[in-house]
Amino acid sequence: QGKSPLDVLIDDQYRRTFEVALEQTQRGEARGPVVLEWTTRDGRRRLIAWNTTTLPDEYGDVEFFIGTGTDITERRQMMEDLSRANEELESRVERRTAELAKVNAELNLRKTILESQSEASIDGILMVDAQHRIVSINRRFCEMWSLPYPLPDALFDAQTPNEKPVIVEAELRE
């Protein structure tokens with residue numbers, strides 16, 4: 001009673017924003033949508049994105065304001081949910097990256113220790129994988145078989161599963 005529809009629909013905290021948007025529209029200033037929180041008849045709060053324009057009379061003066069409102073409540077909620085999910089995912093990635101870096105550092109340390117033990121060994125050591133490719137070879141193995149040490153990287157990189165390293169194969173025949 002005694003209130004305009006705008007008094008009922010627009011919360012007091014948004015009234016000035018709405019008035020400024022109308023003033024800018026009346027002056028012909030271009031602007032994007034204005035998002036206001038409105039209250040429905042049943043008291044629910046909804047976010048409405050308003051685009052406004054004017055319709056002039058024959059003298060160019062504003063005769064009508066035209067406003068188109070789009071309810072963006074669910075869209076805004078989905079964006080907030082997505083943002084929270086993204087933040088959680090980024091946090092998980094950071095934690096997992098830190099865990100992997102720690103594990104990687106431990107593996108590198110173990111690899112260094114094993115390489116040192118391999119080089120210090122009096123035994124010749126040749127490691128091959130399931131496809132018979134050279135994985136590792138120590139200096140003593142090369143000395144025992146009169147192979148150059150270290151072996152050329154090409155021997156490690158160019159091997160196919162059924163291919164034996166040429167240098168090792170030739171030396172083993174002798």
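The values are calculated or read from the model by the stated rules, or taken from the named source; none is laboratory data. These numbers come from a predicted model, not from an experiment. Using ideal geometry, Cβ is built from the backbone for each residue, glycine included, and neighbour counts are taken over all protein chains shown. Accessible surface areas use protein heavy atoms only, side chains included; no ligands, DNA or RNA. Shrake-Rupley method; radii C 1.70, N 1.55, O 1.52, S 1.80 Å.
Computed quantities for the displayed model
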| quantity | calculated |
| --- | --- |
| Gyration tensor (alpha-carbon) shape descriptor, the stretch 35-124, a/c threshold 1.5 | prolate |
| Accessible surface, the stretch 62-123, averaged per residue in Å² (probe 1.4 Å) | 86 |
| Charge dipole magnitude, Cβ of K and R +1, D and E -1 - the stretch 68-108, Cα centre, debye nearest 20 | 120 |
| Sequence of 83, 121, 146 from largest to smallest accessible area, 1.4 Å probe | 146, 83, 121 |
| Candidate residues 37, 87, 29: accessible-area rank, largest first, probe 1.4 Å | 87, 29, 37 |
| Length added when fully stretched, residue 31-residue 64, from 0.36 nm per residue minus Cα-Cα | 10.1 nm |
